[in-house]
1. Looking at region 139-178 only, could you name the residues that are surrounded by 15 or more Cβ atoms within 10 Å (Cβ to Cβ), touching a helix residue (DSSP H, G or I) at 6+ places or on another chain (Cβ under 8 Å) and either over 21 Å from residue 12 (Cβ atoms) or free of Cβ contacts under 8 Å to residues at least 60 places away in the same chain (or both)?
2. For region 99-138, which residues satisfy the criterion of being within 17 Å of residue 6 (Cα to Cα), buried (at least 18 other Cβ atoms within 10 Å of the Cβ) and of a type in the set (Gly, Ala, Ser)?
3. Within region 61-81, restricting attention to residues that are in a strand (DSSP E or B) and small (Gly, Ala, Ser), which residue is surrounded by the most Cβ atoms within 10 Å (Cβ to Cβ)?
4. Is it true that residue 6 is within 15 Å of residue 117 (Cα to Cα), small (Gly, Ala, Ser) and either surrounded by 12 or more Cβ atoms within 10 Å (Cβ to Cβ) or at pLDDT below 95 (or both)?
5. Condition first: among the hydroxyl-bearing types (Ser, Thr, Tyr), part of a loop (DSSP other than H, G, I, E, B) and without any contact (Cβ under 8 Å) to a residue 40 or more places away in the chain. Now tell me which residues in region 82-124 satisfy that.
6. Would you confirm whether any residue within region 154-162 is over 19 Å from residue 32 (Cβ atoms), part of a strand (DSSP E or B) and hydroxyl-bearing (Ser, Thr, Tyr)?
7. Which of the residues spanning region 125-146 are in a strand (DSSP E or B), modelled with pLDDT of 95 or more and not small (Gly, Ala, Ser)?
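The values are calculated or read from the model by the stated rules, or taken from the named source; none is laboratory data. Here the structure is a predicted model, which is why all the values come from computation and not from measurement. In this analysis, Cβ positions are derived from the backbone assuming ideal geometry, glycine residues included, and neighbour counts consider all displayed protein chains.
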Amino acid sequence: MARFRAFIAVDLKANEKIAKVLEELKNALPSLKLVDQANVHITLKFLGDTDESLIPDIKKIIERATVGLSPFTISLIGTGAFPSKTKIRVIWIGIRNAEQLSIIAKKLDEELHSLGFEREKREFSPHLTLARAREIISSTKIEKLIDQYSEEEFGKEVVQSIRLKKSVLTPKGSIYSTVDEVILG
């Protein structure tokens, strides 16, 4: 059976404010690997190398994790970095009103363990990744950008579905496609 690089996510739309920050990040530090605007999402669970035969079981787990859940609204607010803004590996936009996302992520983590997927070592921290550095970096330009947008409101999004995604790594970046989807409500 074929295998694929998988993750479970909420797909979002990149608005003008997000596009502006991506452009500023690119100008400030061209070596950053920016997320393509078409690939903006919130990862709920990274699965990694996954056997295609597990797709129906994974979908059932997503359905159980979201049972009785109607679409809900989240807010995209502020920028930050992991592990910190002075030691940057990932630059992100924060998510508010994300309690439902946290509950779903926890349920997914617990149930997917029964299929052999590793449990998360860290607590779920809802965020939208903007860019990654190949290694941990320090950059005063990037620090200033993070500070500049630390309280910025990037809009609201209605979470209407949870998707099982496939990621294909290419020299130009990851290409994502939807393998399956569970509609809320």
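1. Scanning region 139-178 gives 139, 142.
2. 105
3. 81
4. The answer is yes for residue 6.
5. The initial filter retains those residues of region 82-124 that are among the hydroxyl-bearing types (Ser, Thr, Tyr), namely 84, 86, 102, 114.
Then keep just the ones that are part of a loop (DSSP other than H, G, I, E, B); that gives 84, 86.
Across region 82-124, the qualifying residue is only 84.
6. yes
7. 127, 128, 129, 130
Listed here are the residues, each with its yes/no results for (1) farther than 21 Å from residue 18 by Cα; (2) acidic (Asp, Glu).
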residue: 119; (1), (2): yes, no
residue: 129; (1), (2): no, no
residue: 149; (1), (2): no, no
residue: 153; (1), (2): no, yes
residue: 162; (1), (2): yes, no
residue: 169; (1), (2): yes, no
residue: 174; (1), (2): no, no
residue: 181; (1), (2): yes, yes
